[in-house]
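The values are calculated or read from the model by the stated rules, or taken from the named source; none is laboratory data. In this text the structure is predicted, and so the values were computed from the model without any measurement. Positions of Cβ are backbone-derived with ideal geometry, glycine not excepted, and every protein chain shown enters the neighbour counts.
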Amino acid sequence: MSLLQISDPDISKKDLVKFVVGIDLGTTNSLIATIAETLLFFEDQKSPMIPSIININNKGEISVGQKAVNASNKSENYNISSIKRIMGLSAADIEDKLKNFPYELDVSNEKLPLIKVGNNKLSAIDISSKILSHLKDLAEKKENKRLDGAVITVPAYFNDLQRQATKNAAKLSGINILRLLNEPTAAAIAYGLESKSTGTFVVYDFGGGTFDVSVLTLEKGIFKVLSTDGDTCLGGDDIDDIICNWIKDNYTSLHKTNYLSLKKIACQLKEQLSYDDIAEVTVDTTVISLNVDKFNNLVNKIIDRTLDITKNAIKESHQRISNIKDIILVGGSTRIRCIKSKLKTEFKCSILNDIDPDKVVAHGAAIQANILSGNCKEDILLLDVLPLSLGIETYGGLSEKIIHRNTPIPINAKKTFTTFKDGQSKLLVHVIQGEREMVEHCSSLGEFILNDIPSMVSGVPRIVVEFQVDADGILSVTATENISGVSSSIEVKPSYGLSDSEITKMIEASNSSAKGDVFLRKLNESKVEGERVIYALEQALDRDGNDLLNATELNLITAALNDLKNNISLKDPEKINKLIIKLETVSEFYVERRMNRSIKSMIAGKGIDDIL
Amino acid sequence: MDIFKKNYFDLFRLRIDTKIDPDRLEKNYKLLQEQFHPDKYASATNHEKRIALQISSFVNDGYRTLSDLPERINYILKINNFEKDESITLKDEDFLHEQIEYSEFLIDIENKTNKEISKKHIKNSDKMINLLAVLDKAFVGNNFEEMWKCLSKLRFYLKHGKKLSEAMGDI
């Protein structure tokens, strides 16, 4: 007979509340927010807008955020900003997409270019992880609690590599990622829950470095994205660049001013023009003056491009413009005044911007983090889509699409391949992402080598490759050979992004000054995971353990459960991990039974509408 | 898992047919995702997460397939074990002439007036309506060969209808 378990009355409900945050990892500024009773933004020197900047001094010491901005006045220091623009990009991509890229690169690893600063070499993942660590520190210090998890936002139009890079940066900073959330979707959650409105909306998200647009419907807590489009290299930065060039052309005395100083002036002019008709900035003795008409003229081309992208997203959503209820404005760049008037003329609908466009994304992410952690029972569901088609290279360098863009995710698709030569034991599958016909115009996600194909006559093997995209929009690939009905797993070696062992190496390298840190981190990760699995299974057993399991089965699971519980406070991550796997394995059949039961009860007509 | 053995029409409680009730599909789709979307399993065991991911993907694929007319017809053929090599083309002379006529029209589309394009578009829509009637009849009579022929034509008319709409500049 199993003993009754009664919870400790001293552990109040408050201790069960997880400390989770929403993070908007932006090009120019980042924000971190949490929802306890109310929404709270963590601040860096009294500002919730935390500059996405790192500074390296001549001793190689790194500062982040406001401190980095303050330190940047010293001429011997290096500043790195706008790193989000190169997340997940190869050296060739950077050269191709970013004409004004201001940093020197080490391209010895083509897939992971490093920025050279003095004696330091840092990847975009390293730099982003430093920003994330800084955000995490600010939150943990303020609350005096360990962070349990975070929802991190990414541009909806980020491809697989850019998403992977963001996830890796979070791993490197020791943040437990609950979910990657698309920025426009996050904004929609913040608006949707505030206003409780229903209908079809367009989210126009124009940030520091990226432009995103999503068309979505909102109904009874379900946020369904219909289509998404964008440009991950189009933002406030590009507007600053145009103004920089204009300054150089019109003020000869500023010819020799360095790029970052010019950019600062451009930014000041742009921001003044959000409120005034004329902006002036004085540098030494020169007064730089820009009026709103000239400014509108300069940025016209960029704004028109965002309108074209918006039109295309609406077209892809199969909605009529007249069906659109509101356009939600997100991102600092939407403060440019002509955007509002242009959107109104073009789409003839009202503009929603009552939530601060800089804060709305982190706000939505904080809501989602709170829901995913189980802190609140708010019933919302996000149905997002794949932003860019996934395909494989076929003969002649052409792309064959396997999963089309704007398909709801998660999604999987299977594709069967065969061999070209007798006895061929390897097959190379090149996976790409993008809309263009030619492989060279799409992003290469990498090549997978299928090894150990059994020796057969050409064309006989049937190798089924399965592409699985998860809710974060990230792809994984598995393959099986199943001629004559026998399935055998085939090893898939990804050659893109970073492998788990590379990440571990990076974590170890970043903590090399304190070796004990690496161990503590592993231990902490194992404990958190162990506690999660214990909690999940106890909840499940409490609900239907007696219905679905006989005494022997129940004992089997309880024994493994108790084994893990008794050992979770040991300082032995390896052992904890082993016990987690053991518990997960012995309870697999039970989990499947539970899932099958909920499917049955749904399809039996309890929830679902029956055929009339 | 039992759910993966279901065909998509059963999954969404719809009658197997070329026409479906989109509201019912939408409603049942959302009910299924509310139950099985991975976000609902954020604090579950890893195995539960894996299954949720598979079911949610399966539901999404079903939704995608049944929402789209040609995909839906193709799926009906598939569940009736009628599969044809995609490289086989239709041997229908009238249709071949039509295809040539369309491509000639589209090559020269910049020199066409809005009225001409609109006329062509209406003609295209009429063809599609007639085709759908033939298709339904074939479906009722279990004539899968005929359904397959209709499907090839349908894809053609849909593709050209889209091109003509784009040329007229409407969204």
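Before moving on, here are some points about what is shown:
- Subset of the range A:146-157 that is out of contact with any Pro (no Cβ under 7 Å at 6 or more places or on another chain) and surrounded by 23 or more Cβ atoms within 10 Å (Cβ to Cβ) - its residue that is farthest from A:Met506 (Cα to Cα): A:Pro155
- Verdict on A:Val69 being touching a residue at least 60 places away in the same chain (Cβ under 8 Å), farther than 28 Å from A:Gly446 by Cα and among the hydrophobic types (A, V, I, L, M, F, W, C): no
- Condition check for A:Glu592: in contact with a His (Cβ under 7 Å, 6 or more places away or on another chain), closer than 15 Å to B:Ala44 by Cβ and surrounded by 15 or more Cβ atoms within 10 Å (Cβ to Cβ): no
- Wholly enclosed strands (runs of 3 or more DSSP E) of the range A:199-290 bearing at least 2 residues among the acidic types (Asp, Glu) and under 28 Å from A:Lys97 (Cα atoms): A:222-231
- At least 1 residues being within 14 Å of chain B (Cβ to nearest Cβ) is the threshold, and among the strands (runs of 3 or more DSSP E) wholly inside the range A:347-439 those reaching it are A:381-383, A:390-394, A:398-403, A:411-417.
- Annotation note: of A:Tyr251, A:Tyr191, A:Tyr259, A:Tyr204, the sole residue that is more than 20 Å from A:Val469 (Cα to Cα) and modelled with pLDDT of 90 or more is A:Tyr204.
- Test: A:Leu386 is touching a helix residue (DSSP H, G or I) at 6+ places or on another chain (Cβ under 9 Å) and closer than 30 Å to A:Leu226 by Cβ: no
Listed here are the residues, each with its yes/no results for (1) free of Cβ contacts under 8 Å to residues at least 40 places away in the same chain; (2) within 11 Å of chain A (Cβ to nearest Cβ); (3) within 30 Å of A:Ser526 (Cβ to Cβ).
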residue: B:Lys27; (1), (2), (3): yes, yes, no
residue: B:Gln33; (1), (2), (3): yes, yes, no
residue: B:Asp39; (1), (2), (3): yes, yes, yes
residue: B:Gln54; (1), (2), (3): no, yes, yes
residue: B:Gly62; (1), (2), (3): no, yes, no
residue: B:Pro70; (1), (2), (3): no, no, no
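- A:Asp384 vs. criteria among the acidic types (Asp, Glu), buried (at least 20 other Cβ atoms within 10 Å of the Cβ) and either at pLDDT below 95 or not assigned by TED's automatic domain parsing to the domain that holds A:Gln468 (or both): yes
- Residue within the range A:71-83 that is among the β-branched types (Val, Ile, Thr) and surrounded by 18 or more Cβ atoms within 10 Å (Cβ to Cβ) present: yes
- The range B:15-61 - residue that is of a type in the set (Gly, Ala, Ser) and not in a helix (DSSP H, G or I) and, of those, surrounded by the fewest Cβ atoms within 10 Å (Cβ to Cβ): B:Ser43
- Against the numbered list (1) within 11 Å of another protein chain (Cβ to nearest Cβ); (2) more than 23 Å from the chain's Cα centre (by Cα), A:Lys325 comes up short only at (1).
- Among (1) over 26 Å from B:Phe12 (Cα atoms); (2) free of Cβ contacts under 8 Å to residues at least 24 places away in the same chain - the single one B:Glu83 does not satisfy: (1)
- Within the range A:208-217, the residues that satisfy the criterion of being crowded, with 22+ Cβ neighbours inside 10 Å and in contact with a Lys or Arg (Cβ under 9 Å, 6 or more places away or on another chain) are A:Gly208, A:Gly209, A:Thr210, A:Phe211, A:Leu216.
- Subset of the range A:72-120 (residues that are over 26 Å from the mean Cα position of the chain (by Cα) and in a strand (DSSP E or B)): A:Tyr78, A:Glu104, A:Val117, A:Asn120
- Conditions (1) under 24 Å from A:Ala362 (Cβ atoms); (2) at pLDDT below 85; (3) not β-branched (Val, Ile, Thr): number failed by A:Asp96: (1)
- Leading residue by the ranking (nearest to A:Lys311 (Cα to Cα)) among those in the range B:124-171 that are loosely packed, with under 13 Cβ neighbours inside 10 Å and among the hydrophobic types (A, V, I, L, M, F, W, C): B:Met168
- For the range B:62-83, the set of residues classified as surrounded by fewer than 20 Cβ atoms within 10 Å (Cβ to Cβ) and touching a Lys or Arg at 6+ places or on another chain (Cβ under 6 Å) consists of B:Pro70 only.
- Scanning the range A:545-590 for residues that are within 14 Å of chain B (Cβ to nearest Cβ) and assigned to a helix (DSSP H, G or I) yields a total of 18.
- All positions within the range A:353-376 that are surrounded by fewer than 20 Cβ atoms within 10 Å (Cβ to Cβ) and over 14 Å from A:Val21 (Cβ atoms): A:Asn353, A:Asp354, A:Ile355, A:Asp356, A:Gly374, A:Cys376
- Set A:Thr286, A:Thr282: member being touching a helix residue (DSSP H, G or I) at 6+ places or on another chain (Cβ under 8 Å) and surrounded by fewer than 17 Cβ atoms within 10 Å (Cβ to Cβ): A:Thr286
- Residues being modelled with pLDDT of 90 or more, under 21 Å from A:Lys130 (Cα atoms) and among the aliphatic types (A, V, I, L, M) - total across the range A:162-188: 8
- Sole residue being away from chain A (no Cβ under 13 Å), among the polar types (S, T, N, Q) and at positive phi, chosen from B:Asn74, B:Asn81: B:Asn81
- Candidates are the residues of the range A:291-322 that are under 15 Å from A:Ser214 (Cα atoms) and outside any helix (DSSP H, G or I); the one that is farthest from the chain's Cα centre (by Cα) is A:Arg320.
- Which listed residue is modelled with pLDDT under 90, in a loop (DSSP other than H, G, I, E, B) and within 11 Å of chain B (Cβ to nearest Cβ), from A:Ile611, A:Ile603, A:Ile599: A:Ile611
- Selection from the range A:405-452 of residues that are among the charged types (D, E, K, R) and out of contact with any Leu (no Cβ under 9 Å at 6 or more places or on another chain): A:Lys414, A:Lys415, A:Lys421, A:Asp422, A:Arg436, A:Glu440, A:Asp452
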